[in-house]
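The values are calculated or read from the model by the stated rules, or taken from the named source; none is laboratory data. Because the structure is predicted, anything quoted here is derived from the model rather than measured. Neighbour counts run over all protein chains shown; Cβ positions are idealised from the backbone, glycine included. The accessibility values were calculated without ligands, DNA or RNA, using every heavy atom of the protein model including side chains. Shrake-Rupley method; radii C 1.70, N 1.55, O 1.52, S 1.80 Å.
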Amino acid sequence: MTGWNFREGAEIAEGLRAVRLLGGGLRYEAYLAWHDHLRALVVVKVLRPDLVDDEATRAGLRGEAQALDYLAHPQLLRSFGARLDHARPHVILEFIEGPRLSTLIRRYGVNIEQLLPLALNLCSVLHYLAYEGYVHLDVKPRNIIMGHEPRLIDLSIARRMEDLAALRGPVGTDAYMAPEQCDPARFGTIGPPADVWGLGAT
């Protein structure tokens, strides 16, 4: 697994300069960056160097960019565009000050008073996604940022409902996957209830 190793001030793409690495996964790296045109900090999610020419990975990034461009909800991370044909394919995302829910749980736990408002906010965005014909497929504490209000992030494996029947194998994060996400052939087509399962597990 290779990375870009951008140092502070390095140009990720035209008008985007790295501030620091925020993290990443098998397919992407996420950098805090300065956006010259917006005059603001953003998050740049960029394909890893060894996957730039991998069509399946590029298609995943393309799908996420299209979903973010279409969807808009107060509890959903916003996009400020994408450059999919760039030498370093990336999407530009809103930067939200605040820890991930997974970090809060690990360090401090969660107070019972926080659970109801958290659940209501997440139910709101999951209801909206279902209404718009999307299933997130990866609702978990690591994909929730606890800012002024909780925000759901990472649509990298989200799917439109009409595309879910084509899934034949597991999709999601093991500890938060509904049975139909683990084995669609056995348990049936995946739909919005899978996100409700993820919410419950969260």
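Under the condition of being among the acidic types (Asp, Glu) and not in a helix (DSSP H, G or I), which residue from segment 146-168 is modelled with the lowest pLDDT?
Initial filter on segment 146-168 (among the acidic types (Asp, Glu)): 149, 154, 162-163.
Next, only the ones that are not in a helix (DSSP H, G or I) stay: 149, 154.
Numbers: Glu149: 88, Asp154: 92.
In this case the residue turns out to be Glu149.
Going residue by residue through segment 133-145, is there one that turns out to be open to solvent by 50 Å² or more (accessible area, probe 1.4 Å), modelled with pLDDT of 95 or more and either farther than 25 Å from Tyr28 by Cβ or assigned to a strand (DSSP E or B) (or both)?
no
From the residues in segment 109-132 that are over 20 Å from Glu94 (Cα atoms) and among the β-branched types (Val, Ile, Thr), which one is surrounded by the fewest Cβ atoms within 10 Å (Cβ to Cβ)?
Within segment 109-132, the match that is surrounded by the fewest Cβ atoms within 10 Å (Cβ to Cβ) is Ile112.
Name the pairs: first residue in segment 15-41 and open to solvent by 40 Å² or more (accessible area, probe 1.4 Å), second residue outside any strand (DSSP E or B) and among the β-branched types (Val, Ile, Thr), Cβ to Cβ under 8 Å, at least 6 apart or on different chains?
From segment 15-41, the pairs are Arg27/Thr57.
Confirm whether Leu47 is within 14 Å of the chain's Cα centre (by Cα) and over 15 Å from Ile153 (Cβ atoms). Write out each step before concluding.
Values: within 14 Å of the chain's Cα centre (by Cα): yes; over 15 Å from Ile153 (Cβ atoms): yes.
Yes, satisfied.
List every residue pair whose Cβ atoms sit under 7 Å apart, with the two residues 6 or more apart in sequence or on different chains, where the first one lies in segment 56-68 and is surrounded by 17 or more Cβ atoms within 10 Å (Cβ to Cβ) and the second, anywhere, is among the hydrophobic types (A, V, I, L, M, F, W, C) and part of a helix (DSSP H, G or I).
What qualifies is Thr57/Leu51.
Based on what the data block shows, is Val171 open to solvent by less than 20 Å² (accessible area, probe 1.4 Å), of a type in the set (Val, Ile, Thr), closer than 14 Å to Leu199 by Cα and assigned to a loop (DSSP other than H, G, I, E, B)? Spell out the reasoning first.
Working: open to solvent by less than 20 Å² (accessible area, probe 1.4 Å): yes; of a type in the set (Val, Ile, Thr): yes; closer than 14 Å to Leu199 by Cα: no; assigned to a loop (DSSP other than H, G, I, E, B): yes.
In short, no.
Give the residues of segment 139-165 that are more than 20 Å from Phe95 (Cβ to Cβ) and either in contact with a Cys (Cβ under 9 Å, 6 or more places away or on another chain) or of a type outside the set (A, V, I, L, M, F, W, C) (or both), sorted by residue number. Spell out the reasoning first.
Kept after step one, since they are more than 20 Å from Phe95 (Cβ to Cβ), are these residues of segment 139-165: 139-140, 157-165.
Across segment 139-165, the qualifying residues are Lys140, Arg159, Arg160, Glu162, Asp163.
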